[in-house]
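Read through the structure below, which is laid out as structure tokens, and then see the notes.
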Ligand code: PLP
């Protein structure tokens, strides 16, 4: 691939045409064309999603499930239709297994409070890994405080890979739940979650996978993975903010009590007692994010039109190029060098604090994230307070990485 290849045409993936769908990408920031390399934090939305949300509000909005009038029926059809799209997207067995949440964080908290809290007690263990996002650590710490259970942490190695031998050794009769990330947001590591799920199942544990960084970038099949729960967020995959999905196996969801109480999660209420609604609505108290679901459905249509395999292949090219080009910057050290990685390059630059890197490259119109990426235990493991992170989506270009490398070289000169 030519080093100057900007908006190159790949077989099956026309990046220039795709970029035309994203109005936000076509703007100047600090007098430079925007290079948006902060996709792991949140991706951008194509017109197809923006228009679907606008059209919903323009023509169809009413509250769902409760009205016989035309608009309420249309809104309900759009809302439940989006659920079916998400079910198909991750290959769940039934729409009952797709619970709308505010995002990955809320999905994990739901499992913590409605599955773990009623079941766990002293002597029970929850196994996580050292590379988890805080969203897959803190809810379990809270449950441990509430129940007396213990949080056990599987170690990682210098490349940022899970030490599978240690992971397997830590599994035992006390392990009630394994909660691990499919892809690390801080390092980009793609964990062998199918294998890990099989090991956990063999030990008799339930399995939750945090898929926030996986579903936007690769084909995910929850049944093939064999997990009990899988959590992900719309805003990282071209959809609206404030909505995400908890996938749960129907049998396990059916055994769980509701988490939040209120309208929509009930069939009948009296002061003698309340009958809860069926799945999936049992876990969806109150008016849901209807427009968010509609937009999420449109995002999934958009990703499917491009094709998840084509997206994964394009992002693998971007990662290979970025790793090579950024490694040539003097004093740059990549944090997270796992063999299987998503298109995330976390790095530190000798002599320059990551926050300064963020400010310097922003002056050139380049958006990268700097900080601990909500993964402080990972930073501690690598002995750094923070990193700068370039994270890619299929609409990014090689030229954007070259601009980042040039800006980093300039920063080196400034701080020399
Ligand atoms: N898990 C991982 C791996 C993430 O990267 C993130 C967000 O960055 C989350 C969980 C939390 O997602 P949300 O903030 O959408 O709930």
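Considering (1) within 23 Å of the chain's Cα centre (by Cα); (2) not in a loop (DSSP other than H, G, I, E, B), the lone condition that residue 374 does not fulfil carries the number (2).
Among residues of region 96-112 that are assigned by TED's automatic domain parsing to the domain that holds residue 230 and on the phi > 0 side of the Ramachandran plot, those with a beta-carbon under 9 Å from a residue that is within 9 Å of the ligand (Cβ to nearest atom) and assigned to a strand (DSSP E or B) at least six positions away or on a different chain give the pairs 103/231; 103/232; 103/233; 103/244. Put simply, of 342, 338, 316, 310 the only residue that is surrounded by 22 or more Cβ atoms within 10 Å (Cβ to Cβ), within 21 Å of the chain's Cα centre (by Cα) and touching a residue at least 12 places away in the same chain (Cβ under 8 Å) is 342. Applying the condition of being surrounded by 24 or more Cβ atoms within 10 Å (Cβ to Cβ) and away from the ligand (no atom under 16 Å from the Cβ) to region 167-200 and asking which residue is farthest from residue 369 (Cα to Cα) yields 200. Answer yes if at least one residue in region 104-114 is more than 30 Å from residue 290 (Cα to Cα) and away from the ligand (no atom under 16 Å from the Cβ), and no otherwise. No, because not a single residue in region 104-114 is more than 30 Å from residue 290 (Cα to Cα) and away from the ligand (no atom under 16 Å from the Cβ). Could you tell me whether region 55-63 includes any residue that is within 26 Å of the chain's Cα centre (by Cα) and either within 16 Å of the ligand (Cβ to nearest atom) or farther than 30 Å from residue 322 by Cα (or both)? Checked against the condition, which is being within 26 Å of the chain's Cα centre (by Cα) and either within 16 Å of the ligand (Cβ to nearest atom) or farther than 30 Å from residue 322 by Cα (or both), region 55-63 yields at least one hit.
Hey, does region 87-100 have a residue that's surrounded by fewer than 18 Cβ atoms within 10 Å (Cβ to Cβ) and more than 24 Å from residue 222 (Cβ to Cβ)?
Pass one, region 87-100, residues surrounded by fewer than 18 Cβ atoms within 10 Å (Cβ to Cβ): 88, 91, 93-95.
Then drop every residue that is not more than 24 Å from residue 222 (Cβ to Cβ), which leaves none.
Looking through region 87-100, none of the residues is surrounded by fewer than 18 Cβ atoms within 10 Å (Cβ to Cβ) and more than 24 Å from residue 222 (Cβ to Cβ).
Got a number for residues in region 196-206 being under 23 Å from residue 109 (Cβ atoms) and either outside the structural domain of residue 185 (by TED's automatic domain parsing) or in a helix (DSSP H, G or I) (or both)? Reasoning before the result, please.
Narrowing region 196-206 to residues under 23 Å from residue 109 (Cβ atoms): 196-197, 200, 205-206.
Narrowing the set further to residues that are either outside the structural domain of residue 185 (by TED's automatic domain parsing) or in a helix (DSSP H, G or I) (or both) leaves 196-197, 200.
Counting residues in region 196-206 that are under 23 Å from residue 109 (Cβ atoms) and either outside the structural domain of residue 185 (by TED's automatic domain parsing) or in a helix (DSSP H, G or I) (or both) gives 3.
Counting just the residues of region 115-135 that are in contact with a helix residue (DSSP H, G or I) (Cβ under 6 Å, 6 or more places away or on another chain) and near the ligand (Cβ under 10 Å from one of its atoms), which one comes out nearest to residue 210 (Cα to Cα)? The extreme case among them is 135. Scanning region 104-132 for residues that are surrounded by 24 or more Cβ atoms within 10 Å (Cβ to Cβ) and under 13 Å from the mean Cα position of the chain (by Cα), we see that the one that is nearest to residue 177 (Cα to Cα) is 108.
Of the residues making up region 369-384, those that are touching a residue at least 24 places away in the same chain (Cβ under 8 Å) and out of contact with any helix residue (DSSP H, G or I) (no Cβ under 6 Å at 6 or more places or on another chain) number 10. The set of residues in region 207-251 that are within 15 Å of the ligand (Cβ to nearest atom), under 22 Å from residue 292 (Cα atoms) and in a strand (DSSP E or B) comprises 210, 229, 230, 231, 232, 233, 244, 245, 246, 247. Within region 144-157, does at least one residue satisfy the condition of being within 16 Å of the ligand (Cβ to nearest atom) and under 22 Å from residue 371 (Cα atoms)? Yes: region 144-157 contains one or more residues that are within 16 Å of the ligand (Cβ to nearest atom) and under 22 Å from residue 371 (Cα atoms).
The values are calculated or read from the model by the stated rules, or taken from the named source; none is laboratory data. Bear in mind the structure is a predicted one, so any value in this text is a computation, not a measurement. Ideal geometry is used to build each Cβ from the backbone, glycine not excepted, and the neighbour counts take in all protein chains shown.
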